Amino acid sequence: MSLIKTEALVVKASEYSESTRLVTLFSPDHGRVRVLAKGIKRIKSRDRGSLEPFSRVQVSLYLKDPTSLGTLRESALLSAPSALRSDYDRWLLASLVLEVLDRATLPAEDLSGLFERVCAYLEEMETTDRPDEVTVAVLAAMLEGFGFRPEFARCGLCGSAGPFVGFRIDKCSVTCKRCARGHEHFRPLPPGTIKVFEHLAAMGARGRGTLRLSRKQLDQLFSLLVALLQYHLEITLTSARMLAAR
């Protein structure tokens, strides 16, 4: 059993027994790691406050192999966003991002770039007056971070250079009018929204820049990005349904 020291983001925490919690961590070096935090529920436990979702921590843990359940040795809190825990809408948006990490990342996966991008997102969510926009930008970055780069130059089916009338979820590509007809994975998008999506994809880990989106564009891109992530990562995002019901 190896002793591992790493920075990590707390993705999820749940009760395991009377005095132990099961904690899911996302590490830039080790991907998704699940550990048992023994004695964490005792009132005087120094680790207790650091192991809440959204917290950025420095941890030491014992791990037999990348897929095994580890044991937490100690943790130190690096940062913990407070606005997310007091604002339901922000909490729900950020929970969606953590749910993607929980369901789509693998043990021993090197995703250091994605780790830094998500941590920057959580920091920005503390002060931004446009949390929906910031979340759409990080979802676009996550799609590419997992290896799915949208195609904007040509139709993903026939290869034509446009004009484009929407997006095909299954092809992760813009679609011309001829190829869009009656397909279950087609999502109509106006040219302006396609351009905004292209800009977000080009920005990647750098964020959204000075881009400002209308409410309609936000709704269109949020729905599209959730559909793309669910289809290509083969996951179901419960938080997305909760957000749709707001």
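The values are calculated or read from the model by the stated rules, or taken from the named source; none is laboratory data. Just so it is clear, the model here is predicted, and its values are computed rather than measured. Methodologically, a virtual Cβ is constructed for each residue, glycine included, from the backbone with ideal geometry; neighbour enumeration extends over all protein chains shown.
Conditions (1) outside the structural domain of residue 121 (by TED's automatic domain parsing); (2) touching a residue at least 40 places away in the same chain (Cβ under 8 Å); (3) surrounded by fewer than 17 Cβ atoms within 10 Å (Cβ to Cβ), marked per residue:
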residue	(1), (2), (3)
163	no, no, yes
174	no, no, no
177	no, no, yes
181	no, no, yes
184	no, no, yes
190	no, no, yes
196	no, no, no
199	no, no, yes
203	no, yes, yes
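Scan the stretch 84-102 residue by residue and report those that are more than 13 Å from the chain's Cα centre (by Cα) and closer than 22 Å to residue 7 by Cβ.
The answer is 84, 85.
Can you tell me which of (1) without any contact (Cβ under 8 Å) to a residue 24 or more places away in the chain; (2) buried (at least 21 other Cβ atoms within 10 Å of the Cβ) is the one residue 128 doesn't meet?
Answer for residue 128: the failing condition is (2).
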